[in-house]
Amino acid sequence: MKTLLINAGKCIDCRNCQTACKDEFCDNDWSPLAAPQGPRQYWIRIVNEEAGDGDRVRMQRVPLVCQQCADAPCLAAAADGAAYRRADGVVIFDPEKAQGQRAIMDACPYGAVYWNEARNIPQKCTLCAHLLDAGRQPRCVTACPTDALRLVDAADYADDALLPQPIERLRPELGTGPRVLYQDLPRPFIAGETCTGDGAAVLPGVKVTATHQVLGRVYEAVTDEFGDFSLDGVEPGYYAIAFEGAGLTRKTLSNMDAREALNVGSVRLYPLA
Ligand code: SF4
Ligand code: SF4
């Protein structure tokens, strides 16, 4: 069962994958696996999201492709065998039979399908099935300079516990059984700084402890020479965040919303009385 293993943390947004995809599919007819790619289509698309706010903003990236879903709504929506799954797991839209079937595109909850007006057909990533059949790799995989994209056999990744980094799926809550494997998907971070009560000086060496208020999971950091701290990759949720420094009163911020990236700003700490 062929699929992609995508390490989102390695993506540098160079778009080589998108360029290679266009080189392979625009003006090339790989029927019956794929008709030439229509305009304004991105069968692999780099989704950039800004996380955080104020002076603590990061760009987080996720390469998005057809997820080759195990329980694919596009297959269910297709009539007359217009969409099918190959033995290697790749979902294909037949360029002849899929004509006029907008329902195939509308059924995809990942937004991975595009409509080709000129040809009147839905189109998407085929995992370069024509190259797989020739024993070759998808063009996006060979074009990626950081190994963010890899072609793998899903069976090799059946036991997540054996892997150095956990395997994730993109939006599994959609319930389609996505088969593309991800690592290092963007997660929330909690960041901020500590300073003296009058705001005149930063406070390095302050211990910051964030405790997930439901799961009890604890994340720790110590403020650096600029008084800054960052807790990366935290579990989304609400946190109690405690600040403790030598000779300083302890301060706790409760019910801090880190369902998305959280900038707590400047936290003022006062000397012990
Ligand atoms: S991501 Fe969309 S197009 Fe791809 S298999 Fe799933 S439902 Fe179908
Ligand atoms: S080629 Fe690789 S690093 Fe560049 S945008 Fe695509 S996935 Fe990201």
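The values are calculated or read from the model by the stated rules, or taken from the named source; none is laboratory data. Source: prediction; values computed, not measured. Every residue, glycine as well, gets a Cβ built from its backbone with ideal geometry; the counts of neighbours run over all protein chains shown. We work out accessible area using only protein heavy atoms, side chains counted, and drop any ligands, DNA or RNA first. Shrake-Rupley method; radii C 1.70, N 1.55, O 1.52, S 1.80 Å.
On the basis of being farther than 30 Å from residue 266 by Cα, more than 16 Å from ligand 1 (Cβ to nearest atom) and in a loop (DSSP other than H, G, I, E, B), does residue 32 make the cut? In short, yes.
Within the range 88-143, the set of residues being β-branched (Val, Ile, Thr) and closer than 17 Å to residue 69 by Cβ comprises 90, 91, 92, 104, 113, 126.
Residues that are within 11 Å of ligand 1 (Cβ to nearest atom), open to solvent by 20 Å² or more (accessible area, probe 1.4 Å) and assigned to a strand (DSSP E or B) within the range 97-130 comprise just one, 114. The residues in the range 80-96 that are more than 17 Å from residue 43 (Cβ to Cβ) and part of a strand (DSSP E or B) can be counted, and the count is 2. Scan the range 257-273 for residues that are open to solvent by less than 90 Å² (accessible area, probe 1.4 Å) and among the charged types (D, E, K, R) and jot them down. The answer is 257, and nothing else. Restricting the range 5-27 to residues that are of a type outside the set (Phe, Trp, Tyr) and away from ligand 2 (no atom under 15 Å from the Cβ), which is farthest from residue 150 (Cα to Cα)? Ranking the candidates gives 27 first.
Exactly one of (1) at pLDDT 95 or above; (2) touching a helix residue (DSSP H, G or I) at 6+ places or on another chain (Cβ under 9 Å); (3) within 16 Å of ligand 2 (Cβ to nearest atom) is unmet by residue 69. Its number? Failed condition: (3).
Going by what's in this entry, would residue 30 be described as within 16 Å of ligand 2 (Cβ to nearest atom) and at pLDDT 95 or above?
For residue 30, the condition - within 16 Å of ligand 2 (Cβ to nearest atom) and at pLDDT 95 or above - is not met.
Checked against the criterion of being modelled with pLDDT of 95 or more and closer than 30 Å to residue 65 by Cα, the candidates 233, 192, 175 yield just one match: 175.
Within the range 237-256, if we keep just the residues that are open to solvent by 60 Å² or more (accessible area, probe 1.4 Å) and not in a strand (DSSP E or B), the residue that is nearest to residue 214 (Cα to Cα) turns out to be 250.
For the range 44-56, the set of residues classified as touching a residue at least 24 places away in the same chain (Cβ under 8 Å) and away from ligand 2 (no atom under 12 Å from the Cβ) consists of 49, 51, 52, 53, 54, 55, 56, listed by residue number. No other residue among 20, 8, 51 is closer than 22 Å to residue 116 by Cβ, small (Gly, Ala, Ser), under 23 Å from the mean Cα position of the chain (by Cα) and more than 16 Å from ligand 1 (Cβ to nearest atom) apart from 20. Of everything listed in (1) touching a Phe, Trp or Tyr at 6+ places or on another chain (Cβ under 6 Å); (2) part of a helix (DSSP H, G or I); (3) open to solvent by less than 20 Å² (accessible area, probe 1.4 Å), the single unmet condition for residue 74 is (1). Can you pull out the residues in the range 168-196 that are open to solvent by 60 Å² or more (accessible area, probe 1.4 Å) and small (Gly, Ala, Ser)? Residues satisfying the conditions do not exist here. Which of the residues belonging to the range 147-162 are in contact with a strand residue (DSSP E or B) (Cβ under 8 Å, 6 or more places away or on another chain), more than 16 Å from ligand 1 (Cβ to nearest atom) and open to solvent by less than 70 Å² (accessible area, probe 1.4 Å)? Selection gives 148, 149, 151, 152, 153, 157.
Taken together, the residues in the range 219-236 that are open to solvent by 80 Å² or more (accessible area, probe 1.4 Å) and within 15 Å of residue 253 (Cα to Cα) amount to 1. Quick one: is residue 152 closer than 30 Å to residue 27 by Cβ and modelled with pLDDT under 95? Yes; evaluated as a whole, the condition is true for this residue.
Taken over the range 206-218, the residue count meeting the criterion of being surrounded by 14 or more Cβ atoms within 10 Å (Cβ to Cβ) and part of a loop (DSSP other than H, G, I, E, B) is 2.
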